[in-house]
Amino acid sequence: DRRIGEWKFFHNNGNKKMTGKFVNGKMSGKWNVYSIEGWLESNGQFKGGKQVGIWSFYNKKRHLTKKLTLNGGMISGKCWIYENKILVGMGEMTGLAKKPKKNGKWKEFYPNGKVKSEGVYQLDKKNGHFKEYYKNGKLKAEGNYMFKKKSGKWKFYKKNGTIDKEKSGNYMNDKKMKF
């Protein structure tokens, strides 16, 4: 009565839905998941019937859109996000694979591969110390966020590296305080 060995599951239209193997009645090893149209949606490892390790997800164009570290089917650890085949973000995430949330250290990248920003997120909101950069890699700004809003002392830099005194200062709820 237990499933063992290689298995294929199919959508109602006859296209493959999932392929992989069962060990002692539980999904185990590498599995591929396909869309109803037939393109590969995701692939990764199962252990004891649960998704584990790094899973890769693809769009209709068959381009990689994200790689998520899963533990028991939940996101837990380092993840990578791609747009148009280019890495745009990486760091710690948690939650469900369909709606991952940045939760921990995170870096965003420009299309040229240079860091756009780096800092700490809490439940998908900037919450902690951040550094933001120009496309050429030079520091643009640094300071703290509290629930997505600039809070506390911020330093802004011009493209030539000098401090932008007009923008720099103390912030509360994303607004520069005037003294």
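The values are calculated or read from the model by the stated rules, or taken from the named source; none is laboratory data. Everything quoted here is computed from the prediction, not taken from an experiment. Here the Cβ positions follow ideal geometry from the backbone for every residue, glycine too, while neighbour counts run over all protein chains shown. Side chains included, ligands, DNA and RNA excluded: accessible areas come from the protein's heavy atoms. Shrake-Rupley method; radii C 1.70, N 1.55, O 1.52, S 1.80 Å.
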Computed over the stretch 31-179, protein heavy atoms only, probe 1.4 angstrom, the accessible area per residue in square angstrom equals 62
Cα pairs beyond 17 Å in the stretch 119-162, in percent, come to 34
For LYS116, other-chain or 5+-apart residues with amide H closer than 5 Å (H placed, Pro excluded) are GLU108, PHE109, TYR110
Sorted largest first, the C-alpha extents of the stretch 82-179 along its principal axes in whole angstrom are 46, 28, 16
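Between their Cα atoms, which of LYS67/LYS135; LYS66/LYS148; LYS67/LYS99; LYS30/LYS66 are more than 21 Å away from each other? Each step should come with its number before you reach the end.
Details: LYS67/LYS135 25 Å; LYS66/LYS148 23 Å; LYS67/LYS99 13 Å; LYS30/LYS66 17 Å.
Pairs exceeding 21 Å: LYS67/LYS135; LYS66/LYS148.
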Rounded to two decimals, the Rg over Rh value of the chain from Cα coordinates and the Kirkwood Rh reads 1.15
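Please report the carbon-and-sulfur percent of the accessible area for the chain; probe 1.4 Å, protein heavy atoms only, DNA, RNA and ligands left out.
Numbers: 5950 of 11680 Å².
With neighbouring chains kept in place, the figure for the chain is 51 percent.
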Rounded to one decimal in nm, the spacing of the 7 Å Cα→Cβ label points at LYS98 and LYS153 is 4.6
Taking placed amide H atoms and a strict 5 Å upper bound, the residues 5 or more places from MET27 or on another chain that come that close are GLY49
Given backbone amide H placed at 1.01 Å from N, residues whose amide H is under 5 Å from that of ALA97, ignoring those fewer than 5 places away on the same chain, are ILE75
Pseudo-spin-label distance ASN136 to VAL23, built 7 Å along Cα→Cβ, given in nm, is 5.5
Correct response: the longest run of the chain lacking exposed GluC sites (Glu not before Pro), defined by DSSP loop and at most 15 other Cβ within 10 Å, is 38-165
Of the candidates GLN122, THR69, PRO100, the farthest towards the positive dipole end of the chain (Lys/Arg Cβ +1, Asp/Glu Cβ -1, centred on the Cα centre) is GLN122
